[in-house]
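The values are calculated or read from the model by the stated rules, or taken from the named source; none is laboratory data. None of these values were measured; they are calculated from a predicted model. Glycine also receives a Cβ, built like all others from the backbone with ideal geometry; neighbour counts cover every protein chain displayed. To get the accessible areas, we keep the full protein, side chains included, count just its heavy atoms, and leave off ligands, DNA and RNA. Shrake-Rupley method; radii C 1.70, N 1.55, O 1.52, S 1.80 Å.
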Amino acid sequence: EAGVTQFPSHSVIEKGQTVTLRCDPISGHDNLYWYRRVMGKEIKFLLHFVKESKQDESGMPNNRFLAERTGGTYSTLKVQPAELEDSGVYFCASSPAPGQAHFGPGTRLTVT
Amino acid sequence: GIQVEQSPPDLILQEGANSTLRCNFSDSVNNLQWFHQNPWGQLINLFYIPSGTKQNGRLSATTVATERYSLLYISSSQTTDSGVYFCAVGWETSYDKVIFGPGTSLSVIP
């Protein structure tokens with residue numbers, strides 16, 4: 001089966017610009033997660049979708065971040081406007097059940 | 001919230017050596033996983049092990065939930081084992097909202 005894919009692999013934007021990250025989960029996985037690792041710190045949970053619904057978005061840092069999962073398939077994470085502290089690696093994961101999370105390769109975001 | 005510690009923070013091994021990585025957590029958990037982040041940045045799920053012992057080839061893991069720690073054993077290490085090993089814990093039984101530890105950076109040299 002194809003794995004979790006993320007696009008782009010690397011994005012460099014200026015402070016104040018908008019960036020949209022995309023995640024395509026493994027087909028059939030209802031659960032989709034976003035995590036991020038900022039400035040070499042711990043990987044932290046952002047939010048969890050079950051199909052198209054947000055199950056838990058307690059990790060979203062502020063209202064500059066907007067996540068969607070239209071039709072319960074792929075998901076997007078938009079950062080608008082981006083700030084310097086948003087730089088880091090954004091991981092997406094999908095799973096059919098707890099403990100079976102498959103992570104994507106991540107998107108490295110650099111805000112200058 | 002739950003605190004997760006990992007030790008050692010860094011480890012250098014000669015190829016063929018064995019190692020034990022430790023994960024301590026501060027509260028009861030229902031979900032514990034070990035991940036390997038390879039040099040290309042990809043996170044690979046190694047074990048889902050909220051309790052007990054599991055083995056997969058040269059890797060094995062043991063979690064003693066009552067004492068709030070988990071161990072990851074790597075035997076006969078290979079250069080491809082290099083990378084960062086993360087322990088991640090959570091309290092949800094229905095999904096994978098987890099807290100990652102700081103990781104152990106492993107370098108296996110020929």
GNM of chain A, Cα pairs under 10 angstrom: of A:71, A:40, A:99, the biggest fluctuation goes to A:99
Expressed as a percent, the accessible surface of segment A:5-111 that is carbon or sulfur, using a 1.4 Å probe and the full set of protein chains, is 47 percent
Share of carbon and sulfur in the accessible heavy-atom surface of segment B:18-75 [1.4 Å probe, %] | 45 percent
At least 30 Å² of accessible area lost relative to the chain alone, listed for segment A:21-52 with a 1.4 Å probe | A:33, A:35, A:37, A:42, A:43, A:45
Go through A:41/A:78; A:15/A:78; A:51/B:97; A:15/B:97; A:78/B:97 and tell me which ones have a Cα-Cα distance over 19 Å in this structure.
-> A:41/A:78; A:15/B:97; A:78/B:97
Efficiency of FRET between residue B:66 and residue A:70 - r from beta-carbon atoms, R0 41 angstrom, step 0.05 | 0.40
Once the dipole of chain B is set up with Lys and Arg at +1 and Asp and Glu at -1 on Cβ about the Cα centre, which of B:84, B:18, B:56 lies farthest towards its positive end?
-> B:56
Beyond 15 Å, what share of the Cα-Cα pairs of segment B:4-109 remains, rounded to the nearest whole percent?
-> 58 percent
How large is the accessible surface per residue of chain A, computed with a 1.4 Å probe and reported in Å² as a whole number?
-> 48 Å²
Treat chain A as a sphere of radius equal to its Kirkwood radius over Cα pairs and apply Stokes-Einstein at 10 °C in a medium of 1.306 mPa s; give the translational diffusion coefficient in µm²/s, rounded to a whole number.
-> 115 µm²/s
Please compute the net charge surrounding residue A:74, taking Lys and Arg as +1 and Asp and Glu as -1 over other residues with Cβ under 9 Å from its Cβ.
-> +1
A plus B alone minus the pair: what accessible area, both sides summed, probe 1.4 Å, in Å² to 100?
-> 1600 Å²
Fraction of antiparallel bridges per DSSP, the protein assembly as shown only, in percent to nearest 5 = 90 percent
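Looking at segment B:40-75, which chymotrypsin sites (Phe, Trp or Tyr not before Pro) are DSSP coil and have at most 12 other C-beta atoms within 10 Å of their C-beta?
Answer in residue order: B:40.
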Say each of residue A:41 and residue A:110 gets a label point 7 Å from the Cα, pointing the same way as Cα to Cβ; how far apart are those two points in nm?
-> 2.1 nm
Residue B:100 neighbourhood, Cβ < 9 Å, K/R = +1, D/E = -1, net charge +1
Neighbour cut-off at most 12 other Cβ (10 Å), DSSP loop, GluC sites (Glu not before Pro), segment A:1-42 | A:1, A:14
Quick one: net charge of residue B:72's neighbours, Cβ under 12 Å, K/R +1, D/E -1?
-> +2
What does the accessible area of residue B:109 come to, in Å² to the nearest 10, when a probe of 1.4 Å is used?
-> 70 Å²
